[in-house]
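Enquirer: Following this message is one structure expressed as structure tokens.
The values are calculated or read from the model by the stated rules, or taken from the named source; none is laboratory data. Here the structure is a predicted model, which means the values were calculated and not measured. Counting neighbours? That spans all protein chains shown, and the Cβs are built from the backbone with ideal geometry, glycine included. Protein only, heavy atoms only, side chains kept; ligands, DNA and RNA dropped before computing areas. Shrake-Rupley method; radii C 1.70, N 1.55, O 1.52, S 1.80 Å.
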Amino acid sequence: EMVMGDTPSRFEGDRRPVERVSWDDAQAFIKKLNAFTQRQYRLPTEAEWEYAARGGRLSRGHQYSGSDKLKEVGWYSDNSHQETKPVGLKDANELDIYDMSGNVWEWVEDDWHGSYKGAPEDGSAWINAGNRGSSRVLRGSSWHDDARYCRVAYRFYFGPGHRGTDVGFRLALSLQSVG
């Protein structure tokens, strides 16, 4: 709200994730935030998102981000009461990151590809050369979905203009300077 002047979210509360945000909206927010802070925020790449969700080098190989029991780490259709929840009420994963399974789907920078064949091996965003493509990747699932969609490995996609009450984003901070 401080950066954009208002919030598009259906669900109110200071600690809830923002939702009803398109990929395009997230990019506009990032541009304003970077100008405001003089830092370099961005959407994570799909590879970065999955590495963080799995717990990085500390990973214990859980099905969900931080546990094999989704109720311990995520908000989904069985426990959300059909709304987002404040971040941090469930257990964090191995990297002390909260709500990477459930609560809201999270946009990442990458264009959608049906498989990983041909994906960059350095963790960078997989962007179609010359043409961004018609869909972007979403990860993490949401308060609205069944447990099977909350698995760390599950991927989904929508067009960059899609907004839903279960779609938001997470930021990454580049260590490079702005300008």
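Enquirer: Roll a 1.4 angstrom probe over the protein heavy atoms and tell me the percent of accessible area of the chain that is carbon or sulfur. Can you show the working numbers first?
Expert: On the way: 4760 of 9780 Å².
Using a 1.4 Å probe with all protein chains present, the chain comes out at 49 percent carbon and sulfur.
Enquirer: With a cap of 13 neighbouring Cβ atoms within 10 Å, and only residues DSSP puts in a loop, list the trypsin sites (Lys or Arg not before Pro) found in segment 112-141. Intermediate results must be reported in sequence, preceding the final value.
Expert: Working: sites: K117, R132, R136, R139; in loops: K117, R132.
Taking segment 112-141 and a limit of 13 other Cβ atoms within 10 Å, the loop trypsin sites (Lys or Arg not before Pro) found are K117, R132.
Enquirer: Moving on to the next point. At 1.4 Å probe size, what's the solvent-accessible area of K69? Round to the nearest 10 Å².
Expert: Rounded to the nearest 10, the figure is 130 Å².
Enquirer: Choose one answer from D68, D78, D122: the residue with the largest mean-square fluctuation in a GNM of the chain with alpha-carbon springs under 10 Å.
Expert: Residue with maximal mean-square fluctuation among D68, D78, D122: D122.
Enquirer: For segment 112-126 and segment 57-109, what is the centre-to-centre distance using only Cα atoms, to the nearest Å?
Expert: Here the answer is 24 Å between Cα centres.
Enquirer: Shifting gears a bit: Taking the simple approach of a point 7 Å from Cα along Cα-to-Cβ for both D122 and M4, what is their distance in nm?
Expert: 3.2
Enquirer: Let me ask another. Sorting check: for 46-54, 144-152, which peptide has the highest mean count of neighbouring beta carbons within 10 Å, and how do the rest follow?
Expert: Working: 46-54: 21.4, 144-152: 18.3.
Output ranking for 46-54, 144-152: 46-54, 144-152.
Enquirer: Loop-only chymotrypsin sites (Phe, Trp or Tyr not before Pro) in segment 74-137, please: DSSP not H, G, I, E or B, and at most 16 other Cβ atoms within 10 Å.
Expert: Numbers: sites: W75, Y76, Y98, W105, W107, W112, Y116, W126; in loops: W75, Y76, Y98, W112, Y116, W126.
When the chymotrypsin sites (Phe, Trp or Tyr not before Pro) of segment 74-137 are filtered for loop state and at most 16 Cβ neighbours within 10 Å, Y116 remain.
Enquirer: Something else about it: Magnitude of the Cβ-charge dipole of segment 1-89, K/R +1 and D/E -1, about the Cα centre, nearest 20 debye?
Expert: The calculated dipole for segment 1-89 is roughly 320 debye.
Enquirer: What relative contact order, as a whole-number percentage, does the chain give when Cα pairs under 8 Å and 6 or more residues apart are counted? Provide the component values of the computation, followed by the final result.
Expert: Values: 374 pairs, mean separation 56.9, N = 179.
It comes to 32 percent, rounded to a whole number.
Enquirer: In segment 17-52, which trypsin sites (Lys or Arg not before Pro) are in a loop and have at most 16 other Cβ atoms within 10 Å, using DSSP for the loop call? Mind showing how you got there, number by number?
Expert: On the way: sites: R20, K31, K32, R39, R42; in loops: R20, R39.
The qualifying sites are R39.
Enquirer: Let me ask something else. At 7 Å along Cα-to-Cβ for each site, give me the label-to-label distance between S59 and H81 in nm.
Expert: Each label point is offset 7 Å from its Cα along the Cβ direction, giving 3.5 nm.
Enquirer: Per-residue ellipticity at 222 nm for the chain, helices alone: DSSP H runs ≥ 4 residues times -39500 (n - 2.57), over residue total, nearest 500 deg cm²/dmol?
Expert: On the way: 3 runs with 28 residues, N = 179.
That comes out to -4500 deg cm²/dmol.
Enquirer: Is there a quick way to get the dipole size of segment 26-179? I mean about its Cα centre, with the Cβ of Lys and Arg at +1 and of Asp and Glu at -1; what is the value in debye to the nearest 20?
Expert: Working: 20 positive and 20 negative charges, 62 e Å.
Rounded to the nearest 20 debye, it is 300 debye.
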